[in-house]
Amino acid sequence: MNLWNTLRIALRTWRRTPALAAVIVSTLTLGIGATTTALTIAHSMLVQALPFPDADRLVWVTTFDTRTSDGRAAVIGSNRLPQFADWREHLTSFEQIGAWAGDAPDVFTVTGGGTPERVSGLRVTHQLLGMLGATPATGRLFREGDDEPGAAQTVVLSYGYWQRRFAGSPVVGQSITIENERYTIVGVVPTEFPLSGSLFASAPIDVYLPLTVDGNEDIGGFMAIVGRLRPGVTADQARAELTSRQVALSIGQWEWMRVLGQSVTPLPDLMTRDVRLPVLLLLAGAAGVLLLACANLVNLLLVRASGRRREMQLRMALGASMRQVRGQLTIENAVLVGISGVVGVWLTVAVFEWLQRAASVHIARIGDLHAGGVTVSFALAICAAITMMFGGVSMLQLRRRDTTDALRLHSGVTIDRRGAYVQRLALAIQAAVVIVLTVAGGLLVRSLVELLDVDPGFDPKGAMAIRVDPAGRLAGPARLPFFDRVLDGVRAVPAVESAALTIHVPMGDRPSMGWDAIPEGREYNPLVDNTAGRIVSPGYFGTIGVRIVAGRDFDASDMRARPLVMAINETFARRIQAEGRDPLRSRFTVLGNVRQVVAVVGDVKHRSLDAEAGREVYIPMGQAPGFFQAYDLVVRASDPVALVPSIRSAIWAVDSNQALGTPVALEAYISRTLRPRWLLTGVIGVFAGTTLLLAALGVYGVVRHRVAQQVREIAIRVALGAPGWHVTVVVLGDTIACVAVGLAGGVLIALAAASAIRSYLFGVEPRDVVTLAASCALVVTVALLAAYLPARRAPRVDPIGALRAD
């Protein structure tokens, strides 16, 4: 029989049982789709090389304070300009070294040609784009000298921004106004340049500006540094050279740098640091779904094979070989597995498209995800393994010596001893996998519930923030009057209850500033004098809903240079009280000046709901250094979103060229910090729910067919007067015992696996008894219900009819 005839027979066979075929395809599609998606994500994020030339030689260079850190937690954007200028000139371990300002893309204002526009951009040194593999789609990239002091202002556009703003028309040589300065467009990077999608979990980068490197600048801004090591040079060798240069650099002008150390981390290691555990958990969950799907189908195929045993025996009795029968069964299984694989790959493609479009998903390397040859390879391997396994299961019921039974009469569906063992094992595995995922999902759900009950320390309801950034259009002395006029204009808008300005909105996208707060009359202690610094306007605490525990709010008099004042949070105040001092009578040196504490305010969760508040210092914006140029305007009203047009008009009345950020409700900032937890909890929850459903279907199918195969035994028990409940218990007994064994093993695995998600738990321990008991109760209840529905029919068997049929 040729392959085409075998395939035609297989299709005709499945057409006779469309319901069973649909169940098998649906179940396998879930398992294959989930596993293929998880494997592709793991390959793309953890295995596949970064899409940059010689990515294995790319490293992050980070700086840390040796007094308070060992450098293991590499912080991107922790270096200073003088360091980079020195390293670029003297280092020999690096083939190339490049940098960008800050730790992530910044926002710039583009004016001219209508409404001011905010764009995402990076200030970069001239080596960076070429080192990361960019080639100009038109024009050129930055070259040596473009980042030197006094160089002409140039800009490189991204391909997307070029198309969006200029519709792809020739732009090289044209000018564009960014931050009130004219820049000449010198080139466009190609659409496939993967910098934003691979290194940043944020919006695409629109423009690249040169980062001026002045080695004589005393401090300079923070910057991120990426270098490519020379062939044969290790990260440890590069770090040793950096350390020696740091010692030389800290002599004389930059003596303050003597406490700084450097770490050199391979770029792939740092990029996978935060996603490794979630990806591994995703793999585990997907594997659980696939295992449940396979276990479920083992039971279905065993029952199907037992029902077709006489058909197969007749074929063998008529001359078919065991190999031919095995081939026929394999082709039948391969047909459904192949359909499931195709649909599973389609689901993977759909998931990847959603991930790359979803604004709520911010994951580094998200742009590298695509369903290609790797995805198809994974799907083919999974389909081949499932087909081989199912072929073996189908043959369990068929042995050559049974061919003499082909002409005997059979009643019911009978699974032999080997098939029964496999069936029991499948049930136990289902129960074990379900309890592991259910416990994990339960712990994550409880953690999320606990986290949502945390008091953030401020009142987010009815409050909204808008970024106001005059940037280079205003010199330092002119910024404070500008913001004063903005506040006066916004406060005059009808229905605005209050308005204030701050550098850091709680849980916003700006990293905290580290300030030293040194008690008056005591030497600096880096272990206890580090604080988080905040700059706010008068009225900020009332606008955002922060309690003033003691003292007073900032007022208009604090907007002048003297006297210098500050506010501290309760955590800082408790430390002062522990030293036997009154917080409101304390004075500290902050930003080089002595300041008097005039207020103690409540602790605020500035980073996330699960992060403890550290020591924090607030100073009025009128007494802040002049280089702070962008503030967040916080507005409180009963319906602040409805006031956005009026607020924008009030700001544009002060400066018509002011590009404003997207208004964001403070509740949305809180929600954004919870997105990783929501995503992980949702994924594990979906996996747990899917496996629970598959297990319930498996138990239902096993008990239903067990009732069918034990009709004669049940009839005898009923004829002898056995009560109905006794018959039901007998039918349920073996199945429930298998489930219990699986639960016992699964609980042990769950206890061990729960420790892996400890970092994602809040307010609940990995071995939480309540979650464990509730998960077991849920699984047992679902199993009992799924088993009881078919088992309750057993006592209704007509004993006379069943025995006569036999």
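The single condition from (1) β-branched (Val, Ile, Thr); (2) within 30 Å of TRP354 (Cα to Cα); (3) at pLDDT 85 or above that ILE97 fails is (2).
Based on what the data block shows, is PHE94 over 26 Å from SER250 (Cβ atoms) and among the aromatic types (Phe, Trp, Tyr)? So PHE94 does not fit the description; no.
So which residues in the range 632-656 are among the acidic types (Asp, Glu) and either touching a strand residue (DSSP E or B) at 6+ places or on another chain (Cβ under 8 Å) or under 21 Å from LYS461 (Cα atoms) (or both)? Show your work before the answer.
As a first pass, look at the range 632-656 and keep what is among the acidic types (Asp, Glu): 632, 639, 655.
Residues satisfying the conditions are ASP632, ASP639.
If you go through the range 550-591 one residue at a time, how many are farther than 15 Å from PRO519 by Cβ and not aliphatic (A, V, I, L, M)? Selection size over the range 550-591: 13.
In the range 142-176, the qualifying residues are those that are in contact with a helix residue (DSSP H, G or I) (Cβ under 9 Å, 6 or more places away or on another chain) and in contact (Cβ under 8 Å) with a residue 24 or more places away in the chain, and the one that is farthest from TYR208 (Cα to Cα) is VAL171. Of the residues screened, ALA550 is not one that is closer than 19 Å to VAL528 by Cα and not in a loop (DSSP other than H, G, I, E, B).
Report yes if some residue within the range 205-228 is under 17 Å from LEU50 (Cβ atoms), at pLDDT below 85 and in a loop (DSSP other than H, G, I, E, B); otherwise report no.
No.
Among residues of the range 56-69 that are farther than 11 Å from PRO526 by Cα, those with a beta-carbon under 6 Å from a residue that is open to solvent by 50 Å² or more (accessible area, probe 1.4 Å) and among the hydrophobic types (A, V, I, L, M, F, W, C) at least six positions away or on a different chain give the pairs THR62/VAL75.
Checking each residue in the range 421-445 for being surrounded by fewer than 19 Cβ atoms within 10 Å (Cβ to Cβ) and either within 27 Å of the chain's Cα centre (by Cα) or among the polar types (S, T, N, Q) (or both) picks out only VAL445. Only residues that are touching a Pro at 6+ places or on another chain (Cβ under 8 Å) and at pLDDT 80 or above were counted across the range 336-367, and they come to 0. Pairing each residue of the range 274-296 that is free of Cβ contacts under 8 Å to residues at least 60 places away in the same chain with any residue that is surrounded by fewer than 22 Cβ atoms within 10 Å (Cβ to Cβ) and of a type in the set (D, E, K, R), provided the two are 6+ apart or on different chains, yields no C-beta distance under 7 Å.
The numbered conditions (1) open to solvent by less than 70 Å² (accessible area, probe 1.4 Å); (2) not in a helix (DSSP H, G or I) are all true for PRO170 except (1).
Scanning the range 479-536 for residues that are open to solvent by 30 Å² or more (accessible area, probe 1.4 Å) and touching a Leu at 6+ places or on another chain (Cβ under 7 Å) yields a count of 1. Select from the range 630-681 the residues that are assigned to a strand (DSSP E or B) and open to solvent by 20 Å² or more (accessible area, probe 1.4 Å) and write down the one among them that is farthest from GLU117 (Cα to Cα). Step by step, filter the range 630-681, then rank; the result is ARG636. Mind checking which residues of the range 585-600 are open to solvent by 20 Å² or more (accessible area, probe 1.4 Å) and either assigned to a strand (DSSP E or B) or touching a residue at least 40 places away in the same chain (Cβ under 8 Å) (or both)? Scanning the range 585-600 gives ARG587, THR589, LEU591, ASN593, VAL594, GLN596, VAL598.
Within the bounds of the range 689-698, is there any residue that is open to solvent by less than 60 Å² (accessible area, probe 1.4 Å), under 30 Å from LEU277 (Cβ atoms), polar (S, T, N, Q) and modelled with pLDDT of 75 or more? Taking every residue of the range 689-698 in turn, at least one turns out to be open to solvent by less than 60 Å² (accessible area, probe 1.4 Å), under 30 Å from LEU277 (Cβ atoms), polar (S, T, N, Q) and modelled with pLDDT of 75 or more. If the condition is being acidic (Asp, Glu) and crowded, with 16+ Cβ neighbours inside 10 Å, then the range 545-567 contributes ASP553, ASP558.
Go through the range 750-766 and count every residue that is part of a loop (DSSP other than H, G, I, E, B) and under 19 Å from TRP678 (Cβ atoms). Within the range 750-766, residues that are part of a loop (DSSP other than H, G, I, E, B) and under 19 Å from TRP678 (Cβ atoms) number 4. Would it be correct to say that GLN623 is over 30 Å from GLU667 (Cβ atoms), of a type in the set (S, T, N, Q) and crowded, with 20+ Cβ neighbours inside 10 Å? Spelling it out, GLN623 is indeed over 30 Å from GLU667 (Cβ atoms), of a type in the set (S, T, N, Q) and crowded, with 20+ Cβ neighbours inside 10 Å.
For the range 147-161, the criterion of being closer than 16 Å to PHE108 by Cβ, over 31 Å from the mean Cα position of the chain (by Cα), surrounded by 13 or more Cβ atoms within 10 Å (Cβ to Cβ) and of a type in the set (A, V, I, L, M) is met by at least one residue. Look at (1) at pLDDT 85 or above; (2) within 12 Å of VAL335 (Cα to Cα) and you find that ALA21 fails only one, number (1). The residue that is least open to solvent (accessible area, probe 1.4 Å), counting only those in the range 446-473 that are in a helix (DSSP H, G or I) and of a type outside the set (A, V, I, L, M, F, W, C), is SER447. Do you know which residues across the range 229-282 are at pLDDT 80 or above and open to solvent by 80 Å² or more (accessible area, probe 1.4 Å)? The answer is ARG230, PRO231, ASP236, GLN237, ARG239, VAL247, ASP269, ARG276, LEU280. Does ASP582 qualify as being crowded, with 19+ Cβ neighbours inside 10 Å and among the charged types (D, E, K, R)? Here the answer is no, as ASP582 does not meet what is asked.
Restricting the range 568-579 to residues that are open to solvent by 10 Å² or more (accessible area, probe 1.4 Å) and part of a helix (DSSP H, G or I), the residue that is farthest from GLY551 (Cα to Cα) is ALA578. The condition of being farther than 28 Å from GLN658 by Cβ, in a loop (DSSP other than H, G, I, E, B) and either at pLDDT 90 or above or touching an Asp or Glu at 6+ places or on another chain (Cβ under 8 Å) (or both) holds for only one of ASP603, ASP610, that being ASP603. Within the range 750-779, if we keep just the residues that are in contact with a helix residue (DSSP H, G or I) (Cβ under 7 Å, 6 or more places away or on another chain) and among the β-branched types (Val, Ile, Thr), the residue that is farthest from VAL449 (Cα to Cα) turns out to be VAL779.
Is it the case that the range 750-768 has a residue that's within 18 Å of LEU427 (Cα to Cα) and not hydrophobic (A, V, I, L, M, F, W, C)? Looking for residues that are within 18 Å of LEU427 (Cα to Cα) and not hydrophobic (A, V, I, L, M, F, W, C), one finds none in the range 750-768, hence no.
The values are calculated or read from the model by the stated rules, or taken from the named source; none is laboratory data. Quick caveat: nothing in here was measured; it's all calculated off a predicted structure. All Cβ positions, glycine included, derive from the backbone under ideal geometry; neighbour counts span all protein chains shown. To get the accessible areas, we keep the full protein, side chains included, count just its heavy atoms, and leave off ligands, DNA and RNA. Shrake-Rupley method; radii C 1.70, N 1.55, O 1.52, S 1.80 Å.
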